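The values are calculated or read from the model by the stated rules, or taken from the named source; none is laboratory data. Model, not experiment: these values are computed from the prediction. Here Cβ is always computed from backbone atoms with ideal geometry, including for glycine, and neighbour counts include all displayed protein chains.
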Amino acid sequence: MSGSWYDSAWGHIDAVHATLAPDTPFAERRKAISDAYPWGERRMHPYKMWLKAQKRYLARYDPAPAGPLAPVPAKAAGIPVREG
């Protein structure tokens with residue numbers, strides 16, 4: 001395998017993403033990504049890297065709040081943002 005487990009996970013997730021419609025519900029998107037795990041048994045370092053990549057990918061589509069420690073976008077917090 002060339003590259004890292006994390007990079008390989010992103011490649012697989014990217015391939016699944018390409019098959020999903022933009023309006024795919026979050027639950028279906030999460031299931032499709034989870035079902036695409038490519039390395040057999042879900043354990044050890046490869047699985048940890050899969051989970052890391054999956055978490056990063058799904059964060060873009062998760063309709064639930066990110067939690068109390070998540071950064072608040074500047075505009076939503078009322079902080080002036082320089083555009084451009």
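Pairs needed: first member in segment 36-48, modelled with pLDDT of 90 or more and among the acidic types (Asp, Glu); second member anywhere, assigned to a helix (DSSP H, G or I) and surrounded by 14 or more Cβ atoms within 10 Å (Cβ to Cβ); C-beta distance under 8 Å; at least 6 residues apart or different chains.
Note: pairs meeting the criteria are 41/47.
Can you name the condition, by its number, that residue 30 falls short on among (1) loosely packed, with under 10 Cβ neighbours inside 10 Å; (2) modelled with pLDDT of 90 or more?
(1)
Can you tell me which residues in segment 17-52 are farther than 22 Å from residue 64 by Cα and assigned to a helix (DSSP H, G or I)?
18, 19, 44, 45, 46, 47, 48, 49
Does residue 64 satisfy the criteria of being part of a helix (DSSP H, G or I) and either among the hydrophobic types (A, V, I, L, M, F, W, C) or on the phi > 0 side of the Ramachandran plot (or both)?
Values: part of a helix (DSSP H, G or I): no; either among the hydrophobic types (A, V, I, L, M, F, W, C) or on the phi > 0 side of the Ramachandran plot (or both): yes.
So residue 64 fails the test.
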